[in-house]
1. Taking N as the number of residues in segment 97-152, what is its alpha-carbon radius of gyration divided by 2.2 N^0.38 Å?
2. Give me the net charge for the shell around Thr232: Cβ to Cβ below 12 angstrom, other residues only, Lys and Arg +1, Asp and Glu -1.
3. Please work out the average accessible area per residue across segment 28-70, using the 1.4 Å probe convention, and give it in Å².
4. Within segment 58-81, list the residues whose amide N lies under 14 Å from a label point set 7 Å along Cα→Cβ of Val6.
5. Report Rg/Rh for segment 51-134, rounded to two decimals, where Rg is the Cα radius of gyration and Rh the Kirkwood radius.
6. Kirkwood Rh over Cα pairs of segment 120-207 into Stokes-Einstein at 20 °C, 1.002 mPa s: D in µm²/s?
7. Please compute P(r) over all alpha-carbon pairs of the chain, binned at 5 Å starting from zero, and give each bin as a whole-number percent.
8. In the full protein assembly as shown, how much of Cys176 is accessible to a 1.4 Å probe, in Å² to the nearest 10?
Amino acid sequence: MADREVKFSFKQLSGKRFDVVDGKDNQDDLLKWSMKGRIKLQMYSFDQPFQAYQKECFVQDFMNDPEVLSTLQTVSATCRWSPVGIPAKSVKVKAVPCSVLSMSFFDRLYENNIARENGHLHKCLDEFNEDFTIADELRKVLLLEDSDNYDTFSDADRDEFLFRLFKHVCLGGKLCQYEDMVDKYLEFTKTLYKDLISVQKNPETKELSIVSNVFSIQAEDEKENMYYPADTHHEQNFSYLVVDPLKRHVTVLFHKFGSSVY
C-alpha cells in the first residue's frame, strides 16, 4: 500500500445497542432463521475525515487497529464469540450501492405473483441449491438465475444494500425454517436497514438522501488465507462496514453461516 498521511484510529462505542438483533422482539425469528447467536452489530467511532476513495486504507487501518482487534467479534461453530485478534496482511473491499429510500422497492414481489396480496408466498416443489432448499417462488427469485421471475430484480437492484440485507435474512443459517409470509422478512429488513444507514434532508428541496457509505469486506492473514468474516466463502458469511462520514461512526454487520444454539 502506498505511503499516505492519514491513518485512521478507532474506538468501540460499547454502549450502543441494536434492538433489531439484541432486543427481545426478534429473538424467536432469528432462532427460527438459524441466525440467532451468529449475527452481530457493533459500532466504532473514528478520528479522521473520510472520503469513499479512501476505503482500502480505512478498512486496512480498521482491521489492524489494536482496539478493533481486541473488540471486533467473530463466532465459532458452537456460537462462542471472541475477538478477531488477527491483524490483516491484506483486505478486500467492495463498495456496495446504497440508494434505496423506500420499501416500495419490493412491491414487485406482489406485482409478479411471487407473494400474494395478503403476503403469502407462492410455494413450489422442493429444489436444492447448494446449502439452500428452494420451496417457494421467493427463493427461486433469490437463487435461480434461470427461473421465470429472476429478472424481477436487475443486477443493479440485486447489488443494492437493501436487497442484499433482504436476501441474507431470507436465506438465513444452516437450519433455517422458512416463513410462509413475506411480511416478517420485509419488516426485519426495514428495521435493520434503518438502524444501519444515515440519511439527511436537503433544506431546500426537503428530499432525503443517504449519506452512509457501505463496504463489503474480507481480511487475509500473513499466509494469505482468508479469516474474516470466515475462513470459507459462503453466500451467508458476510461483514459489511457502514460508514457515516458526518458523525464519524462505522457500524459492522457480521454474520457467519451455521446453526443457532437452542
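The values are calculated or read from the model by the stated rules, or taken from the named source; none is laboratory data. Since the structure is predicted, the reported quantities are computational estimates derived from the model, not experimental observations. Here the Cβ is made from the backbone with ideal geometry for all residues, glycine too, and neighbour counts use every protein chain on show. Each accessible area value is taken on the protein alone, full model and side chains, heavy atoms only, with ligands, DNA and RNA left out. Shrake-Rupley method; radii C 1.70, N 1.55, O 1.52, S 1.80 Å.
1. Compared with the compact-globule rule of thumb, segment 97-152 sits at 1.21.
2. -2
3. It amounts to 38 Å² per residue over segment 28-70.
4. 58-62
5. Result for segment 51-134 is an Rg/Rh of 1.16.
6. 147 µm²/s
7. Result, from short to long distances: 1, 6, 12, 17, 18, 17, 13, 9, 5, 2, 0, 0 percent.
8. About 30 Å², ignoring ligands and nucleic acids.
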